[in-house]
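Worksheet: one structure, shown below.
None of the figures in this text is laboratory data; all of them are computed from the coordinates on show. In this text, all values refer to a predicted model and were calculated from it rather than measured experimentally. All Cβ positions, even for glycine, are placed from backbone atoms using ideal geometry, and neighbour counts span all protein chains on display.
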Amino acid sequence: MLNHLSKARRATQLIFLVCGLGVASWAPMVPYAKDRLGINEADLGLLLLMLGGGALLMMPVAGVLSGRFGSRVVIAIGVLAVALTLPLLLILPAVTSMAIALLVFGAGVGTVDVAMNAHGVQVQNLYGKPIMSSLHGLFSVGGLFGSLGLGFLIRLGLEPLYAAVSISGLLLVITVTQYRYLFHRDTEREAVIRFSDSREEGKTGRFQWLHVSILFLGVMCFVVFLAEGAILDWSAVFLRDIKGISPEFAGAGYAAFSIAMAVMRLSGDRIVARFSGKAVVVGGGLLAALGMFIAIFSPWVAGALAGFILLGIGAANIVPVFFSEGGRLPGISPTVSIPAITTMGYAGQLAGPAMLGFIAHHYTLSVALGFSAVLLLFVAAAYGTRTVTK
């Protein structure tokens with residue numbers, strides 16, 4: 001059994017790697033798509049909403065499908081959708097066809113994201129010790145390689161389309177080779193029964209999305225994903241316009257944040273096991289808020305980068321803790337709780353930066369980023385007073 005769990009854990013880690021690699025591979029394609037379609041930044045922004053919209057639409061559906069057919073089947077379907085649409089994003093000549101492809105690509109990403117997190121909490125429950133942080137760490141590693149991999153293959157001499165096809169092939173190969181090590185539906189159901197409160201097994205799941213614990217964890221995830229989205233979408237503008245950094249180095253803030261987050265997530269399981277999930281959320285929230293405030297108020301670029309590093313260190317393991325708790329709520333299957341929490345979280349990543357843009361327009365970008373720091377303090381305070389499900 002232990003050997004089977006070890007293989008399931010490794011397979012789940014590789015699926016997280018696949019998801020991060022697939023998502024991030026789209027990032028270097030964006031300039032190619034903009035030039036090919038001949039659209040401006042505003043139109044591109046609207047087009048990019050299709051990716052997030054597809055993900056949000058499929059996340060609740062993926063939870064239902066995972067409960068009925070098993071997470072590994074849903075993971076395989078989602079990866080197939082991502083792999084088949086990824087090369088199309090480099091060649092489709094019209095805005096309409098690109099919008100449809102991005103919708104399908106986003107739907108595949110959302111499907112994999114929900115199913116792999118649901119599967120991850122089941123493996124963790126049976127494993128008996130924290131593993132969610134390392135799973136999300138592999139997603140971050142995949143993101144780093146994905147954002148660089150396409151460009152690297154092109155520099156080696158491959159045509160962009162062939163480079164994209166190569167990445168898609170890698171996603172499929174990893175998924176096919178690891179599929180048999182992922183839990184069968186019956187094993188997942190066994191885990192749900194083992195870690196559910198037997199007094200609540202008879203409850204139907206129709207309205208469980210509205211369970212107070214799910215809503216609480218979802219709101220907490222919304223805030224943390226909002227902060228992550230703020231760094232993704234606004235850090236370069238902040239460093240260029242507020243701190244005066246050269247445009248070619250404006251991405252250094254997000255790079256510093258991403259590396260810090262990846263490193264911390266890979267070591268996060270040991271941290272959670274030693275200090276408890278509540279300590280990680282409270283301490284991480286305070287540290288992340290401090291990092292944001294340092295980035296805002298430091299008069300030096302180096303200070304701002306140090307702030308982004310602290311933000312990455314603090315925020316890295318908060319969401320994995322939330323997913324871990326969501327996967328062991330009494331009487332609620334992870335195939336219900338994880339899609340709900342994930343959907344609310346990703347809504348923060350998608351809608352949050354737009355909300356911060358509205359604040360920045362009426363005040364300043366520094367005020368907008370400061371608002372996200374205050375919300376992180378709220379997460380630390382709210383979770384610090386919460387009775388955590390064991």
Inset, instruction - Determine, for ILE296, ILE39, the number of other Cβ atoms within 10 Å of each Cβ, and report the residues in order from fewest to most. - result: ILE39, ILE296
Legend entry - Whole-Å distance, taken between Cα centres, linking region 258-297 and region 91-119: 30
Legend entry - Of the DSSP H helices in the chain, those whose Cα atoms cover at least 15 Å axially and whose Kyte score averages 0.5 or more: 2-25, 41-69, 71-85, 95-127, 132-155, 160-178, 212-241, 252-266, 277-297, 301-315, 334-362, 365-384
Inset, instruction - Return the calculated 222 nm mean residue ellipticity for the chain, to the nearest 500 deg cm²/dmol, obtained by summing -39500 (n - 2.57) across DSSP H runs with n ≥ 4 and dividing by the residue count. - result: -27000 deg cm²/dmol
Inset, instruction - Provide PHE225, PHE293 in ascending order of the number of other Cβ atoms located within 10 Å of each residue's Cβ, fewest first. - result: PHE293, PHE225
Legend entry - Mean separation of Cα contacts under 8 Å, 6 or more apart, over the residue count of region 262-390: relative contact order %: 33
Inset, instruction - Just need the Rg to Rh number for region 2-192, please, alpha carbons only, Kirkwood Rh. - result: 1.00
Legend entry - Inter-label distance for MET355 and LEU156, nm, one decimal - labels placed 7 Å from Cα along Cα-to-Cβ: 4.3
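Only four residue types carry charge here, +1 at the Cβ of Lys and Arg and -1 at the Cβ of Asp and Glu. Report the dipole size of region 2-192 about the Cα centre in Debye, rounded to the nearest 20.
Numbers: 12 positive and 8 negative charges, 122 e Å.
Dipole magnitude for region 2-192 comes out near 580 debye.
Ordered by packing density, taken as the mean number of other Cβ atoms within 10 Å over each peptide's residues, highest first, how do 264-272, 152-160, 169-177, 235-243 rank? List each step's numbers first, then the result.
Working: 264-272: 20.1, 152-160: 12.6, 169-177: 16.0, 235-243: 18.6.
Those peptides, ordered most packed to least, come out 264-272, 235-243, 169-177, 152-160.
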Legend entry - SER298 versus VAL61: modelled label distance in nm, points set 7 Å from Cα along the beta carbon direction: 4.4
Inset, instruction - Could you point to the residue in LEU266, LEU239, ALA256 farthest towards the positive end of region 234-279's charge dipole, with +1 and -1 charges on the Cβ of Lys/Arg and Asp/Glu respectively? - result: LEU266
Legend entry - Dipole moment magnitude, nearest 20 debye, the chain about Cα centre, only Lys, Arg, Asp, Glu C-beta charged: 1100
Inset, instruction - Provide the gained length on full extension for the span ILE39 to ARG10, in nm with one decimal, where the gain is 0.36 nm per separating residue minus the Cα-Cα distance. - result: 6.2 nm
Legend entry - Order of THR187, THR96 under a 10 Å beta carbon neighbour criterion, fewest first: THR96, THR187
Legend entry - Among 333-346, 350-363, the order from most to least packed when residues are scored by Cβ within 10 Å on average: 333-346, 350-363
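Using a Förster distance of 30 Å, how high is the FRET efficiency between ALA273 and VAL173, based on the Cβ-Cβ distance and rounded to 0.05?
Numbers: r = 33 Å, r/R0 = 1.09.
After rounding to 0.05, the efficiency reads 0.35.
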Inset, instruction - Multiply the residue gap between ILE242 and ARG68 by 0.36 nm, knock off their C-alpha separation, and tell me the result in nm, one decimal place. - result: 57.6 nm
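State the number of lysine pairs found in the chain whose Cα atoms come within less than 23 Å, restricting to pairs 8 or more positions apart or on distinct chains. Before the final figure, lay out each step's value.
Values: LYS7/LYS129; LYS129/LYS278; LYS129/LYS390; LYS203/LYS390; LYS278/LYS390.
So the count works out to 5.
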